[in-house]
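Read through the structure below, which is laid out as structure tokens, and then see the notes.
What follows is calculated from the coordinates using simple rules that are stated; it is not laboratory data. This is a predicted model, so every value here is computed, not measured. A quick note on method: Cβ atoms are made from the backbone with ideal geometry, for glycine too, and the neighbour counts reach across all protein chains shown.
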Amino acid sequence: MLGFLFGGLVKKFERAAKNISQNFGESTKKEVDYLFDIKLTPFAEQLDYTLKNRVLESNYEVEKLETKVKNDIESLLNNVDTKTNKNIERINRLRQDAIDGLEQTIDKTDNYLVNRINQISLVVMETLASTEGITKEILLEISELEDKLFKDAEQLINKLIDAIYYLDKSIEAKIERIQNEVKKYLAHPFPNPFDKCKQRLNIQWKYGSRISDIELYKLSNCYELNKLNEQTPIDDVIEIYGQLQLNALRMVVLVSESPELKRRAIQDWIEYGMLCDFWLNIARKYASTDFFIEGLQTNQKLLVNPKD
């Protein structure tokens with residue numbers, strides 16, 4: 001149940017918010033659409049994936065309950081006009097129902113989950129209460145939530161690396177660098193103007209010694225993604241996304257000294273992990289991995305490179 005907590009909650013918020021926005025102008029409707037389609041829904045899906053991995057980690061740090069967010073919610077409800085109060089109270093009821101349901105599901109209050117429920121709820125309430133739509137403050141709150149998500153994912157990845165390799169991360173980084181150097185010289189020693197992935201990355205004229213680590217990472221991912229098409233067996237799809245997630249895990253180690261590149265690799269680790277889980281669930285649903293993508297009625301968007 002907990003693995004789908006935030007995605008389900010945000011969908012409830014979205015239905016309520018869009019129903020409320022029918023009484024507002026067209027600009028407000030667009031703001032609500034943007035909030036959910038571009039910001040909250042993708043965030044909730046990634047949060048669900050991180051949460052599912054988090055609950056498997058028994059030694060996770062205990063988080064304190066943030067009273068500030070709860071106070072902000074109460075202040076918002078107490079300081080708006082009657083009509084607006086009725087609107088955002090719907091979101092507040094959904095928020096409280098989610099917390100109540102959570103407390104019935106687990107033995108003790110999980111402050112991590114309560115905090116995220118409250119933070120997401122506050123963003124939705126503030127958007128519906130604001131006459132200016134989505135303000136810089138609201139976008140900042142979403143950004144802070146995303147930063148927290150990446151820190152959680154980074155912590156999980158670091159523990160995963162330790163569990164897999166039983167090595168100091170600096171040693172593993174050195175091993176990865178050596179492997180990358182070998183790939184540059186052996187797998188890509190000469191320019192190849194006919195390689196479509198290299199063309200896409202604009203490195204078709206580069207010798208292996210001139211290909212950067214990030215270019216090599218993108219090139220490897222391009223080759224994997226190009227294996228996907230409508231006739232790809234589900235078992236192969238799962239293996240491809242699993243390999244892509246492993247590539248991202250290795251990249252996190254390699255670029256550990258570059259915060260932005262590390263952040264991008266963590267983002268890839270989450271997204272490819274989500275896709276791997278999606279297709280695993282499809283395989284379980286059909287009790288076989290012999291099905292092909294073409295035969296599935298699904299809206300899941302495959303991360304396939306554009307056709308040339």
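Structural remarks
- If the segment from GLU230 to LEU280 were pulled out straight at 0.36 nm per residue, it would be longer than the present Cα-Cα gap by 16.3 nm.
- LYS11-SER212 FRET efficiency (beta carbon distance; Förster radius 41 Å; 0.05 resolution): 0.50
- If you plug the beta carbon distance of LYS29 and ASP162 into 1/(1 + (r/R0)^6) with R0 = 35 Å, you get a FRET efficiency near 0.15.
- Inter-label distance, GLN22 to THR131: 2.5 nm, where each label sits 7 Å from its Cα along the C-beta direction.
- For region 278-284, 3J(HN,Hα) computed residue by residue from phi via the Karplus equation (6.51, -1.76, 1.60; θ = phi - 60°) reads 4, 6, 4, 5, 4, 4, 5 Hz, glycine and proline entered as x.
- The residues SER27, SER21, SER258, when put in order of fewest to most other Cβ atoms within 10 Å, stand as SER27, SER258, SER21.
- Considering region 2-164 at the alpha-carbon level, its Rg and Dmax are found to be 16.3, 56 Å.
- Exposure proxy ranking for ASP213, ASP235, based on other Cβ atoms within 10 angstrom of each Cβ and starting from the fewest, stands as ASP235, ASP213.
- In terms of surrounding Cβ atoms within a 10 Å radius of their Cβ, PHE36, PHE6, PHE194, PHE278 rank from fewest to most as PHE194, PHE278, PHE36, PHE6.
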